[in-house]
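I have placed the structure first, in the form of structure tokens, so that the comments after it can refer back to it.
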Amino acid sequence: MTIDIKTLEDRYVDSCRRQGVLANSSILSSLFKNLSLTMIEQAEVKKSNHELCKLEILIDDLKDVDIAPLLDLCMNFDASEIEAVDVRNESSCVLNGEHALSLMHAVNKKLRVVHLQDLLHGKDFLRDISQRGLTCQVLTLRCSCFRKLNLTGKFMHMHTLNLDFSTSLMSFQEECFNCMPNLMRLSMCDTRITNLWTTVAALSKLPSLVELRFQYWQYCNDAGTSFTSCSGKSDDTADFSVLDRIPFIVEPFTNTTELTDPNFSAEDPLRNFYSLDEEVINHDVQSMAEDSSDDSEVDFTSRHHRYWLSFPGWSSEAPLLYENEDEADSSQGTFMEPITDVSMKYMSRHASPICYEKHYREFMIASLPNLKNLDNMPIRKIDKERATGIFSQYFEYLPYKWKHKESVVSILQKREIKSGQNKVHSSKNRTSYPSRQSQYFYTRSLSAAKLGSSTWPFLHPLSLLGCELDKGFHPRQFEYHPSDSSLMVFGTLDGEVVVINHENEHIVSYIPSLGAMNSVLGLCWLKKYPSKLIAGSDNGSLKLYDIHHIPRKVTGRHGNFDWVTFDEFDQLTSVHVNSTDELFLASGYSRNVALYDINSGKRLQVFTDMHRGHINVVKFANHSPSIFATSSFDHDVKMWDLRQKPIHPCFTVSSSRGNVMVCFSPDDQYILASAVDNEVRQYLAVDGRLHLVFDIAPTESSQNYTRSYYMNGRDYIISGSCDEHVRICCAQTGRRLRDISLEGRNLGSSVFVQSLRGDPFRDFNLSVLAAYMRPGSKSKIVKINLLASSGHANKDDSYDLHPCPFHSMGA
């Protein structure tokens, strides 16, 4: 027999009496605000109109003593007239987190909507929800206490998840979304999510996902300005309410019956949106008008294009129109030719930073083929066709142009079969499959297979003797050893030079500053004499060390070891040794370059006025001992030849901004120039002809110092800059293969790349000197392996890094 509402109310009051708790009017009003005596009388009318008989629980009004009677009441729900229970937290809450969890789990199958405004119960509360899951159909979390989303529990009935305004959310754990088979709608507006690859990898686990939102479109008039409301409100709360009214989030325009209907079409909410009364929409967006030109709560808009979505009449044909029409080229993602007859316009609002990644929309559509709606815009056939073309033009699905993922086991089996066939063929014809070509092919195949299964790369901050590197040292520059795969040297902000075995994380040699050096900005190993290296500091000190003559640790103030001291080069930023270990060059905050003889220890010459601005980096070629290149903030990169007395360069190439660095490819066929704000170009080393411009979007910041190096020989480049990802691009096509996000534990502090190098011995391995732009934090050298999954890593690894003094550039 079904328990009616009046009986439920009586049982609740009786339970309160047994528990010794007063069933006061405020608790009753909170529990049964939609089921008062008046509503009870209208219950039959509700049923005839197909309205749900629901119970709304506002946990803001509950105290710990109220829980026991509520749990008793929940035991009656399955047999009662109540069809759905909604649990909401809208402001401050004094209820114990464990009690709130017990309440939601006790409701069980009839739990429909859970809306949790900033979680005041702490991380344990969120961890319980994440790991255990909930039975609700709609979940809204607005929380500022988590950086990485890790919803691994069972959310088997959930079809809508709203994470809007979770302003600390940056990424997803690898196991996230494993148990959400019915999730159809996901919204993450105004978060800090940026990485296209890890985001797509996480969302690909959602087989039913058809609607996705990282931003929404605000209605504006023809002049491009939003309407103001009669109330004149422009606070954050008003913005929240507007976003909640955009379709597919629960209320108020989307009927809750539709949201619980398994046959509900994903396109219906969008049609509802288009059919809304214009006056209603105007009132909804008016609260944003006063601050529409100053998007202070979204830090990213000032760095990127602001774009508009226009609807001719009420059609869903939706071209993107840029504020500056000169920028609306094919690379920016216009869906169709602009239509001048515009009756409605929409502006992107509350966009997460991922929306500003170049070709974001095309990447998402091509990578998530089941999507029907992205950012409240329908995905049409023409959009999918365009997305496929853009993806193949600007992105690499797998390295070395591999088109399909394949397991490592399958590749090894094929290699064994091929090897057996070659042996039989060789015994008969005395010819065999070229071993070098075979090894080359299978090495690349294995790399493609491993990288394809490791979207979340293994990131490991270097530690020494069980202590994290940055607790004892403040790294400022580092270099891999050119012939010993286990060695690395780094210099510190305190003038120390430390040689380590980065495989077992032990110190090999330690050279203290001894009061003679400041920040070490220049480091270079000798090739023919692999135990020797040159170190230069920003106070001009230049020394040659032999690590075989230096102990692992110096206990006294002065060590009993020798070094070679060269004439100083004031305000030094860079040193580099030539291929024969006979000469080295030094550059710094001047227009001059100094040439030194390593054998004699003498400075041979100072080349003056080589550039119009200071020379940040100087590099010798890898195989030609007299050829070198310089990069300067005067926008020029120049190639020089010592045999021609470098008065005039062999050639000069220019960037639109100051050049941060330059380097040669391992075979000296190319030079790679990196200018401020992601301007990365590759030139032919023989004559300076432009070979490739890498398609990395600028941030419009003059402080966005960009550094780029080669990886996997000259197959790929790695590029890193301030407050952005490390990007990996094909050196032959320029296509982006992956972005690597460096995320710090301390929120509000930007992580940036101070230096980076590709591992010369391991494909798709690199190290990054990562730092925070925050006083008092410390830098870390982070080893990155793209062929290994982050599942091997410690989930608590974090990057609490050191600020980079911008006057100390280096490479």
Sorted by accessible area (1.4 Å probe), largest first, how do 638, 205, 63 line up? 63, 205, 638
Accessible-area order for 511, 647, largest to smallest, probe 1.4 angstrom, reads 647, 511
If you place +1 on the Cβ of every Lys and Arg and -1 on the Cβ of every Asp and Glu, how big does the dipole about the Cα centre of region 611-653 come out, in debye to the nearest 20? 100
Please name whichever of 613, 708, 682 sits farthest to the positive end of the charge dipole of region 591-748, dipole taken about the Cα centre and charges placed at Cβ: Lys and Arg +1, Asp and Glu -1. 613
At R0 = 56 Å, how high is the FRET efficiency between residue 507 and residue 702 if r is their beta carbon distance? Nearest 0.05 is fine. 0.90
So for each of 731-739, 684-692, 569-577 I average, over its residues, the number of other beta carbons within 10 Å; can you give me the resulting order with the highest mean first? 569-577, 731-739, 684-692
At a 1.4 Å probe radius, carbon and sulfur cover how many percent of the accessible area of region 560-665? 43
From the Cα centre of region 637-688 to that of region 375-409, the distance in Å is 33
Given H placed on each backbone N at 1.01 Å, which residues far from residue 80 in sequence or on other chains put an amide H within less than 5 Å of it? 3
Rolling a 1.4 angstrom probe over the protein chains, ignoring ligands and nucleic acids, what is the accessible area of residue 527 in square angstrom, nearest 10? 80
What list of ³J(HN,Hα) values in whole Hz, one per residue of region 676-688 in order, does the Karplus curve 6.51 cos²θ - 1.76 cosθ + 1.60 (θ = phi - 60°) give from phi, with Gly and Pro shown as x? 4, 6, 6, 8, 10, 9, 10, 10, 6, 5, 6, 8, x
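Given a cut-off of under 8 Å on Cα pairs at least six residues apart, what relative contact order in percent is computed for region 101-199? Don't skip to the end; give the middle numbers.
Working: 211 pairs, mean separation 23.3, N = 99.
Here the relative contact order equals 24 percent.
Students often check this: by mean Cβ neighbours within 10 Å, which of 478-487, 403-412 ranks highest, and how do the rest follow?
On the way: 478-487: 18.0, 403-412: 12.3.
Those peptides, ordered most packed to least, come out 478-487, 403-412.
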For region 692-745: accessible area per residue (Å², 1.4 Å): 26
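Would you mind getting me the FRET efficiency between residue 124 and residue 528? Use the beta-carbon distance for r and R0 = 51 Å, nearest 0.05. Mind dumping the intermediate values first?
Values: r = 59 Å, r/R0 = 1.16.
Given R0 = 51 Å and the Cβ-Cβ separation, E is 0.30.
Only Cα pairs under 8 Å and at least 6 apart count here; give the relative contact order of region 523-679 as a rounded whole percent. Walk me through the numbers before you get to the answer.
On the way: 401 pairs, mean separation 22.1, N = 157.
So the answer I get is 14 percent.
Greater than 29 Å separation of Cα atoms is the criterion. Which listed pairs, 205/358; 205/381; 205/401; 401/780; 205/778, meet it?
Numbers: 205/358 24 Å; 205/381 23 Å; 205/401 24 Å; 401/780 33 Å; 205/778 36 Å.
Going by Cα-Cα distance, 401/780; 205/778 fall outside the 29 Å limit.
Assuming 0.36 nm per residue, please report the length gained on full extension of the stretch residue 687 to residue 384 beyond their Cα-Cα distance.
Working: separation 303, 0.36 × 303 = 109.08 nm, distance 4.16 nm.
Roughly 104.9 nm would be gained on extension.
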Go through 111, 197, 149 and say which Cα lies farthest out towards the positive end of the charge dipole of region 107-200; charges sit on Cβ, +1 for Lys and Arg, -1 for Asp and Glu. 111
Calculated from backbone phi, Karplus (6.51, -1.76, 1.60) coupling profile of region 721-738 in Hz, x at Gly/Pro: 8, 5, 6, 9, 5, 8, 9, 10, 10, 5, 6, 9, 10, x, 5, 7, 9, 7
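Between residue 606 and residue 63, what FRET efficiency comes out of the Förster formula 1/(1 + (r/R0)^6) with R0 = 51 Å and r the beta carbon distance, rounded to 0.05?
Details: r = 78 Å, r/R0 = 1.54.
For R0 = 51 Å, the calculated efficiency reads 0.05.
Roughly how many Å² is the accessible area per residue of region 54-115, as a whole number, for a 1.4 Å probe? Could you put the intermediate results ahead of the total?
Working: 2320 Å² over 62 residues.
Counting only protein heavy atoms, the per-residue value for region 54-115 is 37 Å².
Determine, for each peptide in 84-95, 586-597, 126-137, 11-22, the mean count of other beta carbons within 10 angstrom over its residues, then list the peptides with the highest first.
Details: 84-95: 17.4, 586-597: 21.7, 126-137: 19.2, 11-22: 15.1.
Highest mean packing first, the order is 586-597, 126-137, 84-95, 11-22.
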Search the structure for amide H atoms under 5 Å from the amide H of residue 633, placed 1.01 Å from N in the peptide plane, and list their residues when 5 or more places away or on another chain. 614, 616, 659
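The values are calculated or read from the model by the stated rules, or taken from the named source; none is laboratory data. Bear in mind the structure is a predicted one, so any value in this text is a computation, not a measurement. Here Cβ is always computed from backbone atoms with ideal geometry, including for glycine, and neighbour counts include all displayed protein chains. Areas reflect the complete protein model, heavy atoms only, side chains present, ligands, DNA and RNA absent. Shrake-Rupley method; radii C 1.70, N 1.55, O 1.52, S 1.80 Å.
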